[in-house]
Amino acid sequence: MTRFVAPPEGLHRVLPIVLLTVALMAGGCATDRGAAPAAVSPPTAPDEARLVAGLELPATFTGTLPSAGPGIRYRLNLWPDGVFHLQREWLGRDFEESDVGRWRRDPARNAILLYGGLEMALQFSVQGPRTLRQLDISGRPIESELPYELTSEGELVRLELELALRGMFTYLADAPRFEECLTGRSYPVAMEGAYIELERAYLAADKPAPGAPLLAALEGAITERPAMEGDRLIPTVVVRRFIGLFPSQTCERAMSEASLPNTWSGARPRSAAVSRDQPGPPLGAAALCAGQVAKARMIARVAASRAARRGDRMRPSTQGGDR
C-alpha cells in the first residue's frame, strides 16, 4: 500500500517563490540568446528641395489598385524632367505591361497625366509629396473606400521594362545607341539577343553619313547592364526582337506655331527649359497628332510581328523603308 509522505513544514510557502525565480531566469536566458528587436526608423520627411509639381522626385510610387480580379500592382517611376516609367502586373492573370513616356501637371485639378504608348493618358491626383490617387478615365475622383493610392518612400528604384520601342538608332566605333522617341532618353544598346539583326540592317541601309541616326522599331527591354567604363550598372536597351528600320522617318520633335497648352507627345527638346511646377514645354496640335499616329503605327507593326510568329501571312518589313 502506498503511503503519503507530507512535505516538510514551510515548503508549501517556499516552493512558489522557487518556481517563479526559475521561470524568470529561464526567460532572461532566452532573451540573451535571441536577437534584440530591431529599431523601427521613423519615415523621413519630404525634401522640399526635391518638390516638383507638388511631388518629391525622382521617386518610385507603388501600390495595388482595385480591378475585376485580385488587383493590379503598379510600379511608377517619375523624374523631375517629365519622364515616367510604368510597370503594371495583373495579379492572378500572369500578365504584365510596361510603358514609358512623358507626364505633365494639370494645376487646375492638382493632378498629373501620363502620356505614353497606351491608348489614353493615365491620371492621378496629387494627395501629397509622396501620395498619388488614381482618377477615372474622365479625370474625375473615384468615390470609393477602396485603396486607389500609390505611395512613395522618397526613393527611386530602377524598373526592368519589357515593351515595344521606337527610336533613333546609331552605330559608330562599336558604340551602338538608341534614343527612345517618347521620352527622348538615350541608352547604350547591349550586343546580345537580336542585336546583330539590328546592326546588320543599319550597316546595309542608305544613310546620309556614317553613324547617322535611323528610326528603328523593336521589341526589347530597358534594363541594367555594366557600363563600358567603371564598375557600375547603367540603363541599357536589350533587343529581344528586331522589327525594322525606317530611314524616311524621325521621332516627332517639331514645335508647332499654334500651341495646345499644357500638352505634348514625344520628346522634350534638349534646349527647352524645365519648370519645377510644370515639366516640359507644350507641343502644338500638329505635333501631338503626329505623335499619336506614330504610336498607332508602332502598335500595328508589333501586332504584325507577333502574328508572323504565329504563322500568319502578315510579316513586318525589316528593310530600310516604310510601308
Among GluC sites (Glu not before Pro) in the range 187-250, those in a DSSP loop whose Cβ has at most 14 other Cβ atoms within 10 Å are Glu192, Glu229
Using θ = phi - 60° and the Karplus curve 6.51 cos²θ - 1.76 cosθ + 1.60, what whole-Hz ³J(HN,Hα) does each residue of the range 84-99 get, with Gly and Pro shown as x?
-> 9, 10, 9, 10, 10, 10, 7, 5, x, 10, 6, 9, 10, 9, 10, 8
For the range 134-187, state which chymotrypsin sites (Phe, Trp or Tyr not before Pro) are in a DSSP loop and have at most 10 other beta carbons lying within 10 Å of their beta carbon.
-> none
HN-Hα couplings for the range 167-175 via Karplus (6.51, -1.76, 1.60; θ = phi - 60°), in whole Hz with x for Gly/Pro, come out as x, 8, 9, 10, 9, 7, 6, 6, 10
When the distances between all Cα atoms of the range 48-152 are binned every 5 Å from zero, what whole-number percent does each bin get?
-> 3, 13, 23, 28, 21, 10, 3, 1, 0
Within 10 Å of each residue's Cβ, count the other Cβ atoms and sort Ser138, Ser125, Ser67 from fewest upward.
-> Ser138, Ser67, Ser125
Report the chymotrypsin sites (Phe, Trp or Tyr not before Pro) located in the range 38-106 that are in a DSSP loop and have at most 12 other Cβ atoms inside 10 Å of their Cβ, or state none.
-> none
Long-range amide H contacts for Gly193: which residues qualify at under 5 Å (H placed 1.01 Å from N, peptide plane, sequence gap of 5 or more or a different chain)?
-> none
With unit charges on the beta carbon (Lys/Arg positive, Asp/Glu negative), name the residue among Trp79, Gly116, Pro46 whose Cα is farthest towards the positive pole of the charge dipole of the range 37-120.
-> Pro46
Rounded to whole Hz and in sequence order, give me ³J(HN,Hα) for the range 133-144 from the Karplus expression 6.51 cos²θ - 1.76 cosθ + 1.60, θ = phi - 60°, writing x for Gly and Pro.
-> 10, 5, 9, 6, 5, 8, x, 9, x, 8, 7, 7
Can you list residues whose amide H is under 5 Å from Ile243's amide H, if they're 5+ apart or on another chain and H is modeled 1.01 Å from N?
-> Ala217, Leu218, Glu219
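FYI, it's all coordinate maths here, none of it is from the lab. This structure is a prediction, so every number in the text was calculated from the model and none was measured. Using ideal geometry, Cβ is built from the backbone for each residue, glycine included, and neighbour counts are taken over all protein chains shown.
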